[in-house]
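Visitor: Sharing a structure below in structure tokens format, with a few things to ask.
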Amino acid sequence: MKGMDRIRQMIAIEAARLMYEEGIREYRDAKRKAASRFGSEKALCLGSHLPSNAEIHHEFRRLLELHEEEVLPERLFRLRLLALKVMELLAPFHPCLVGSVLNGTATERSDIDLHLFAQSPEEVEAFLNQREVSFTSEVVSIRKGGEFLEFPHIYLEEEGTEIECTVYPLEDMHRVPKSSITGRPMERANIKKLAKLIHASASASKREKLP
């Protein structure tokens, strides 16, 4: 293996470890912190030395399966049931589940990530206030290309798990954003799709327990 390829792989492995053991959520933050441990951060964070999000995600999934193979199915089932409960509450806002709880890489630190679609974030907040549901909110700025985009976030907590809801304009409901891992349209599950996934996993679990 070429020297730069070896460094790239080592950074991917270290970034995955940081995400798994230290709970770093953003691939960008994990890869930069990992790169800084192998030398000059400025030099290693350029060009082919810096692994893609997909490479880090591959190593992260490998770690998760290696250390948590026995507990992961039960955790996913529990978090997906919880996600479904919250999504049914937020049904007027066409909720979709995204992220680790959907793709199967949730750790014990993971939150539940939902996309909501509304005329405004205030509409969602008023809905929650009417039902006396506690929440916090903030506007998160994300740099995409040469511009900063602002995304309203609403945070709930249920059974000790944080639910992070990103609120999109209603007209964006059928515009699927690209995954930061694959670069392809992001995997999303609405209430119906998630219910089917939960039912399928429950059926598979029952079959495995049969003598």
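Just so you know, all these numbers are worked out from the coordinates, no wet-lab data involved. Since this is a predicted model, take the numbers as computed values, not measurements. Cβ coordinates were reconstructed from backbone atoms using ideal geometry, including for glycine residues, and neighbour counts include every protein chain displayed.
Visitor: Assuming R0 = 22 Å, what is the FRET efficiency of Glu21 and Glu69, from their Cβ-Cβ distance, to the nearest 0.05?
Guide: 0.80
Visitor: Mind sorting Met87, Met10 by how few other Cβ atoms lie within 10 Å of their own Cβ, fewest first?
Guide: Ordered by Cβ neighbours within 10 Å, fewest first: Met10, Met87.
Visitor: Please tell me the relative contact order of segment 72-209 in percent, rounded to the nearest whole number, where contacts are Cα pairs under 8 Å and at least six residues apart.
Guide: Reported relative contact order: 27 percent.
Visitor: Between Asn129 and His174, 0.36 nm times their residue separation minus their Cα-Cα distance comes to what?
Guide: Working it through step by step, the gained length comes to 13.5 nm.
Visitor: Reachable aspartates and glutamates from Lys193, Cα under 13 Å, same-chain residues fewer than 8 places away excluded?
Guide: Glu88
Visitor: Right, next: Largest first, please: the extent of the C-alpha atoms of the chain along each principal axis, to the nearest Å.
Guide: 57, 57, 29
Visitor: In addition: Relative to the longest principal axis of the chain, what angle (0 to 90°, nearest 10) does the C-alpha long axis of helix 53-68 take?
Guide: Helix 53-68 sits roughly 80 degrees off the main axis of the chain.
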